[in-house]
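Each value in this text was obtained by applying a stated rule to the coordinates, not by laboratory testing. Everything numeric here is computed off the predicted structure, so don't read it as measured data. Cβ placement follows ideal geometry from the backbone for every residue including glycine, while neighbour counts extend to all protein chains displayed.
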Amino acid sequence: MLLGIDLDPESLRVAQRTLDPFGERALLVEADFRDLKRVAKEHLSRPVDGILLDLGVSFLQLDRPERGFSFLRDGPLDMRFSPRQKLTAADLVNRLSQEELASLLKRCGQEPKARSIARAITLHRPIESTRELAGIVAQVVGRRRRLHPATKTFLALRITVNDELTALEEALPQAVEILAVGGRLAVISFHSLEDRIVKEFMQRESRDCLCPPEVPVCRCGHRRSLQVIAKKPIRPTPEEVERNPRSRSGRLRIAARLQSVD
Ligand SMILES: C[S@@+](CC[C@H](N)C(=O)[O-])C[C@H]1O[C@@H](n2cnc3c(N)ncnc32)[C@H](O)[C@@H]1O
């Protein structure tokens, strides 16, 4: 039995067509993976054997200009995974203060020119479309060797619109809770901020005591719940990247649920 969760009803419709041959063994639910535990409890009668979090944005979303994810295609500044959500990228771009924008671009996009981009954005407001924004950013950033000049700005806005890092932080402990002993948790992330959250979570959950080194006797009582399966993240092979260039930044981390020690 497969339980698939996505915030995007359009992605679910496409997945439903692919999974139709499996009938009732594939169940797709429009939900936020922040609610993983509740959704799993509602639809499944026993602990799960495997969880795969395939994070971020999909081809389907990137390739539809009207979703506003792509700086290569002109569309509204939207970037929401869920149409039920109110906040869009246009709200951030046109309403935040220059300081708030600069901090968002630095924090969520690791953009070295965050301050200059934020200043240019506030000078050109209101900004309505993805092309308009990409053009303004490109003027500030100039050419970059490997990346389009607007890549980091668009990433920062998308992460913020969908509150992606918090969602991941909230989903990971729930994933461990609903896994059966020996079950696998696999996470594919596509940028370093996400990967760091996954790596640190798996490292923390594979240690017994989390007290600082100066504490002589454990006070936290933390017991490990995971065993890391692959110490280093698994990267796509050059052949995979050639076949599917968008896989190039993917990193897969895997851990197994341990027998409860209590
Ligand atoms: C990389 S794509 C997954 C693609 C999918 N595995 C496939 O093969 O088509 C990531 C998906 O996660 C969804 N998503 C992102 N954050 C989410 C969240 N907090 N809860 C549920 N779905 C989310 C996005 O809408 C997007 O469809």
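Annotations for the structure displayed:
- Leu123 being among the aliphatic types (A, V, I, L, M) and without any contact (Cβ under 8 Å) to a residue 40 or more places away in the chain: yes
- Residue within the stretch 49-59 that is among the acidic types (Asp, Glu) and either more than 30 Å from Leu226 (Cα to Cα) or in contact (Cβ under 8 Å) with a residue 40 or more places away in the chain (or both) present: yes
- Close pairs (7 angstrom Cβ cut-off, 6 or more residues apart or separate chains): outside any loop (DSSP other than H, G, I, E, B) in the stretch 219-231, surrounded by 14 or more Cβ atoms within 10 Å (Cβ to Cβ) and basic (Lys, Arg) anywhere: Leu226/Arg257
- Taking the stretch 232-262 as the range and being in contact (Cβ under 8 Å) with a residue 60 or more places away in the chain and part of a helix (DSSP H, G or I) as the test, only Arg246 passes.
- One residue stands out among those in the stretch 1-14 that are of a type in the set (A, V, I, L, M) and within 6 Å of the ligand (Cβ to nearest atom): the one that is nearest to Val29 (Cα to Cα), which is Ile5.
- Checking each residue in the stretch 15-57 for being surrounded by fewer than 15 Cβ atoms within 10 Å (Cβ to Cβ), of a type outside the set (S, T, N, Q) and over 19 Å from Gln174 (Cβ atoms) picks out Arg17, Asp20, Pro21, Phe22, Gly23, Glu24, Arg25.
- Residue within the stretch 99-107 that is of a type in the set (Lys, Arg), over 20 Å from His124 (Cα atoms), in a loop (DSSP other than H, G, I, E, B) and touching a residue at least 24 places away in the same chain (Cβ under 8 Å) present: no
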